[in-house]
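Following: one structure in structure tokens, then a few remarks.
The values are calculated or read from the model by the stated rules, or taken from the named source; none is laboratory data. As the structure is a computational prediction, the values presented were derived from the model and not from experiment. As a convention, Cβ positions derive from the backbone with ideal geometry for all residues, glycine included, and neighbour counts pool all protein chains shown.
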């Protein structure tokens with residue numbers, strides 16, 4: 001299995017803790033650069049789209 005190819009958020013400034021995303025047709029992966037445990041949130045694209053829709057409403 002190929003490891004995820006990560007892309008840094010465009011909202012990240014130099015030196016900030018940044019959100020990184022990796023996407024494939026079946027899976028979305030999110031992680032934060034400042035997390036010492038390097039935890040990865042994994043979601044199905046439909047679930048991730050629902051999360052973004054809720055966040056955008058706030």
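Restricting attention to the stretch 49-58, which residues are loosely packed, with under 13 Cβ neighbours inside 10 Å and not in a loop (DSSP other than H, G, I, E, B)?
Within the stretch 49-58, 49, 50, 52, 53, 54, 55, 56, 57 qualify.
Right, residue 10: surrounded by 10 or more Cβ atoms within 10 Å (Cβ to Cβ) and at pLDDT below 90 or not? If you could, list the steps in order and put the result at the bottom.
Numbers: surrounded by 10 or more Cβ atoms within 10 Å (Cβ to Cβ): no; at pLDDT below 90: yes.
The answer is no for residue 10.
Name the single residue, out of those in the stretch 18-42 being at pLDDT 90 or above and farther than 16 Å from residue 7 by Cβ, that is surrounded by the fewest Cβ atoms within 10 Å (Cβ to Cβ).
So, considering only residues that are at pLDDT 90 or above and farther than 16 Å from residue 7 by Cβ, the one surrounded by the fewest Cβ atoms within 10 Å (Cβ to Cβ) is 26.
Take residue 46 and tell me if it is out of contact with any helix residue (DSSP H, G or I) (no Cβ under 7 Å at 6 or more places or on another chain) and either assigned to a strand (DSSP E or B) or on the phi > 0 side of the Ramachandran plot (or both).
Here the answer is no, as residue 46 does not meet what is asked.
Residue pairs, Cβ under 9 Å, 6 or more apart or interchain, first in the stretch 1-29 and over 12 Å from residue 41 (Cβ atoms), second at pLDDT below 80 and part of a loop (DSSP other than H, G, I, E, B). List them.
Close Cβ pairs (under 9 Å, with a partner that is at pLDDT below 80 and part of a loop (DSSP other than H, G, I, E, B)) amount to 23/4; 24/4.
How many residues does the stretch 41-58 hold that are in contact (Cβ under 8 Å) with a residue 12 or more places away in the chain and more than 14 Å from the chain's Cα centre (by Cα)?
The qualifying residues number 0.
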